[in-house]
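Chemist: First the structure, then my questions, so here it is.
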Amino acid sequence: MTEEQSARKEPAVITVKPEWCKGCGICVAFCPKDVLEMEGGTAKVLRPDDCIKCMLCELRCPDFAITVE
Amino acid sequence: MFNYLEYIRESNFPHIWCAGCGDGIILKALIRAIDKLGMSRDESVMVSGIGCSSRTPGYMDINTLHTTHGRALPFATGVKLANPDLKVIVITGDGDATAIGGNHFIHAARRNIDLTVLLYNNYIYGMTGGQCSPMTPVGSKASTAQHGNLEPSFNTSGLAIAAGASFVARTDVYHVQQCEKFISKALQKKGFSLVEIMTPCPTAYGRRNKMANPVTMMEWLKDNMVPVAKYDKMTDQEREGKVSAGILCDIDKAEFTAEYDKLIKKVRTE
């Protein structure tokens, strides 16, 4: 197993910076595993165990507010 | 996780762009491209004109120049000619590049000067209140076209190719990996390189055109950006409302600063 493959097996740590998130909902709409939801105007991580680390939320977040580790 | 913080002026965040504006997505793609290419920020300059797109350099920790409306390309040309070893990136919008800066745009492409131009196309003048730009599609509503725009829009990428650019590509912020790839290719090209990036403006364009929700605008990009190979085989009817995406031109030709350098050497030896 390569280093990258084993890193993918580790549970994801998804962080949303609420003071930068403007609540556009792009991350929530295009997450293939429904990990995120909108709550109180910002994105919230509700099902981190389902995350497959595709990184699309981080790539498409216009506000630099989401990171996936 | 990519560490964007290393590349941004964090004190200017959160940025000024509206919720769902794609400009932040482009900035991140540019940062990743610069990082992966290992470019020196000390030897790179970002130049912009006026508009939402042109706020980009203000958020980036690099040498930056925020200039007058439509005049990013003349400033960038001056920077490049003064020191051709610098990597010069121009950030402009559809209004900035094709309306007030239209003439500069075609002549910079004609000269084939080594600049990397990222043209954020959001179909509208966002910052000034949603007026039509030369790239607003026919039928779309704007604050200056309450009943729908009558004027056909520019094919800006086609214009750049016809004028003499070396590298021209069109992409969008939904297809974010492609966006990064094309920016990276443009940065590596010697000559005038244009990446036209379709980006949503939910506030000034979307609200007037039944796409107020940022997600709806992203879905529009997902559904209507067509790979150029497929687009070329489509009938006019099928092309209605679709936009081609891909590398539209990639040729090697004489570059202006290199030619200028040769001329200086020639004149000095005569």
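The values are calculated or read from the model by the stated rules, or taken from the named source; none is laboratory data. Note that this is a predicted model, so its numbers are computed, not measured. Because the Cβ atoms are built from the backbone with ideal geometry, glycine has one as well, and the counts that use them run over all protein chains shown. What goes into the accessible areas is simple: the full protein's heavy atoms, side chains included, and nothing from ligands, DNA or RNA. Shrake-Rupley method; radii C 1.70, N 1.55, O 1.52, S 1.80 Å.
Chemist: Let me confirm one metric for peptide A:23-29, namely the mean number of other chain beta-carbon atoms within 10 Å of its residues' beta-carbons. Mind showing how you got there, number by number?
Modeler: On the way: counts 3, 14, 6, 12, 1, 1, 6.
The mean count of partner-chain Cβ atoms within 10 Å per residue comes to 6.
Chemist: Give the long-range amide H neighbours of B:Val88: residues separated by 5 or more places, or on another chain, with amide H under 5 Å away, using H modelled in the peptide plane at 1.01 Å from N.
Modeler: For B:Val88, whose amide H was placed from the backbone, the distant partners under 5 Å are B:Val45, B:Thr116.
Chemist: Determine the sum of side-chain charges near A:Ile26: Lys and Arg each +1, Asp and Glu each -1, restricted to other residues whose C-beta is under 12 angstrom from that of A:Ile26. Working shown, then result.
Modeler: Numbers: positive: A:Lys22, A:Arg60, B:Lys222; negative: A:Glu58, A:Asp63, B:Glu219.
It works out to a net charge of 0.
Chemist: Using only Cα atoms, tell me the angle between helix B:176-188 and the longest principal axis of chain B; keep it within 0 to 90° and round to the nearest 10.
Modeler: 20 degrees
Chemist: Under a point-charge model restricted to the Cβ atoms of Lys and Arg (+1) and Asp and Glu (-1), what is the dipole moment magnitude of the protein assembly as shown relative to its Cα centre, in debye to the nearest 20?
Modeler: Details: 39 positive and 39 negative charges, 134 e Å.
Magnitude of the dipole: close to 640 debye.
Chemist: Shielding by partners for B:19-25, please: the mean number of other protein chain Cβ atoms within 10 Å of each residue's Cβ. The partial results should precede the final answer.
Modeler: On the way: counts 9, 7, 4, 4, 1, 9, 7.
If you average over the peptide's residues, the count of other-chain Cβ atoms is 6.
Chemist: In whole percent, how big is the carbon plus sulfur part of the accessible area of region A:3-68, probe 1.4 Å, protein atoms only? Spell out each step's value before the answer.
Modeler: Numbers: 1780 of 3460 Å².
Looking at region A:3-68 in its full context, I get 51 percent from C and S.
Chemist: Can you give the alpha-carbon Rg of chain B over 2.2 N^0.38 Å, where N counts its residues? Please list the in-between numbers first.
Modeler: Working: Rg = 18.2 Å, N = 270, 2.2 N^0.38 = 18.5 Å.
That works out to 0.99 for chain B.
Chemist: Net charge within 11 Å of B:Lys242 by Cβ-Cβ distance, Lys/Arg positive one each and Asp/Glu negative one each, not counting B:Lys242 itself? Intermediate results must be reported in sequence, preceding the final value.
Modeler: On the way: positive: B:Lys230, B:Arg239; negative: B:Asp223, B:Asp236, B:Glu238, B:Glu240.
Spelling it out: positives minus negatives among the neighbours equals -2.
Chemist: Taking every alpha carbon pair in region B:114-235, what does the distance histogram look like in 10 angstrom bins from 0, in percent?
Modeler: Each 10 Å bin holds this share of Cα pairs: 13, 39, 36, 12, 0.
Chemist: Please say if region B:1-73 is rounded, prolate or oblate, where rounded means a/c under 1.5 for a ≥ b ≥ c the square roots of the C-alpha gyration tensor eigenvalues, and otherwise the choice is prolate for a/b larger than b/c and oblate otherwise?
Modeler: Numbers: a/c = 1.78, a/b = 1.15, b/c = 1.55.
Oblate shape, in that a/c is at least 1.5 and b/c is the bigger or equal ratio.
Chemist: For a protection proxy built on the mean count of beta-carbon atoms within 10 angstrom, sort B:236-246, B:19-29, A:52-62, A:33-43 highest first, please. Before the final figure, lay out the partial values.
Modeler: Working: B:236-246: 13.7, B:19-29: 26.5, A:52-62: 20.3, A:33-43: 15.5.
Highest mean packing first, the order is B:19-29, A:52-62, A:33-43, B:236-246.
Chemist: Using a probe radius of 1.4 Å on heavy atoms only, what accessible surface per residue do you get for region B:102-253? Whole Å² is fine. Before the final figure, lay out each step's value.
Modeler: Working: 6740 Å² over 152 residues.
Value returned for region B:102-253: 44 Å² of accessible area per residue.
Chemist: OK, next. For chain A, what's the relative contact order in percent, using C-alpha pairs closer than 8 Å and at least 6 residues apart? Numbers along the way, then the final one.
Modeler: On the way: 106 pairs, mean separation 27.4, N = 69.
Here the relative contact order equals 40 percent.
Chemist: What does the highest-first list of B:182-189, B:112-119 look like by mean Cβ count within 10 Å? Can you show the working numbers first?
Modeler: Working: B:182-189: 21.1, B:112-119: 25.0.
Per-residue Cβ counts within 10 Å, averaged per peptide and sorted highest first, yield B:112-119, B:182-189.
Chemist: Would you be so kind as to list the residues of region B:205-240 that have their accessible area lowered by at least 30 Å² in the full protein complex compared with their chain by itself (1.4 Å probe)?
Modeler: Buried on complex formation: B:Val215, B:Met218.
Chemist: Please report the base-10 log of the normalised intensity I(q)/I(0) for chain A, using a Debye sum with one equal scatterer per alpha carbon and no solvent, at each q in 0.25 (1/Å).
Modeler: Debye intensities relative to I(0), on a log10 scale: -1.08.
Chemist: Round to a whole angstrom and tell me the spacing of the C-alpha centers of region B:31-78 and region B:225-247.
Modeler: About 31 Å separates the Cα centre of region B:31-78 from the one of region B:225-247.
Chemist: For the protein assembly as shown, count all C-alpha to C-alpha pairs, find those more than 39 Å apart, and express that count as a whole percent of the total.
Modeler: On the way: 8108 of 57291 pairs.
Percentage above 39 Å: 14.
Chemist: Mean-square fluctuation check for chain B, GNM, Cα pairs under 10 Å: which of B:His66, B:His107, B:His15 is largest?
Modeler: Sorting by GNM fluctuation, first place goes to B:His15.
Chemist: Any chance you could check region A:31-69 for residues losing 40 Å² or more of accessible area when the partner protein chains are in, compared with the chain on its own (1.4 Å probe)?
Modeler: Those residues are A:Glu58, A:Leu59, A:Arg60, A:Pro62, A:Phe64.
Chemist: With Cβ to Cβ distances under 12 Å as the rule, what net charge do the other residues near B:Lys141 carry (K, R +1; D, E -1)? Could the numbers behind the result be given before it?
Modeler: Numbers: positive: B:Arg207, B:Arg208, B:Lys210; negative: none.
Around B:Lys141, the surrounding residues sum to +3.
Chemist: Using a simple charge model, +1 on the beta-carbon of Lys and Arg, -1 on the beta-carbon of Asp and Glu, nothing else, what dipole does chain B show about its Cα centre, in debye to the nearest 20? Mind showing how you got there, number by number?
Modeler: On the way: 30 positive and 27 negative charges, 33 e Å.
The calculated dipole for chain B is roughly 160 debye.
Chemist: Putting +1 on Lys and Arg Cβ atoms and -1 on Asp and Glu Cβ atoms, find which of B:Thr77, B:Cys52, B:Asn3 reaches farthest to the positive end of the dipole of region B:1-132.
Modeler: Projecting each Cα onto the dipole axis, the largest value belongs to B:Thr77.
Chemist: To check you understand DSSP bridge types, tell me what percent of the beta bridges within the protein assembly as shown (both residues inside) are antiparallel, rounded to 5. Mind showing how you got there, number by number?
Modeler: Working: 15 of 44 bridges.
Around 35 percent of the beta bridges assigned by DSSP in the protein assembly as shown are antiparallel ones.
Chemist: Would you compute, from DSSP H runs of 4+ residues alone, the mean residue ellipticity of chain A at 222 nm, taking -39500 (n - 2.57) per run and dividing by the full residue count, rounded to the nearest 500?
Modeler: -5500 deg cm²/dmol
Chemist: Compute the acute angle (0 to 90°) between the alpha-carbon long axis of helix B:102-111 and the principal axis of greatest extent of the alpha-carbon atoms of chain B; round to the nearest 10°.
Modeler: 40 degrees
Chemist: If you don't mind, there's one more thing I want to ask. Taking beta carbons within 10 Å but only from partner chains, what does the mean come to for residues B:3-11?
Modeler: Values: counts 1, 3, 2, 0, 0, 1, 0, 1, 0.
Averaged over the peptide's residues, the number is 1.
Chemist: On to the next question. Suppose a student asked you for the relative contact order of chain B, using Cα pairs under 8 Å spaced at least 6 residues apart; what percent would you report?
Modeler: Details: 562 pairs, mean separation 47.9, N = 270.
RCO, chain B: 18 percent.
Chemist: Helix B:23-37 against the longest principal axis of chain B: what's the angle in degrees, Cα atoms only, rounded to the nearest 10?
Modeler: Once rounded, the angle reads 30 degrees.
Chemist: Using helices alone, I'd like the mean residue ellipticity at 222 nm for chain B: each DSSP H run of four-plus residues gives -39500 (n - 2.57), total over residue count, nearest 500. Could the numbers behind the result be given before it?
Modeler: Numbers: 9 runs with 92 residues, N = 270.
Computed ellipticity for chain B at 222 nm equals -10000 deg cm²/dmol.
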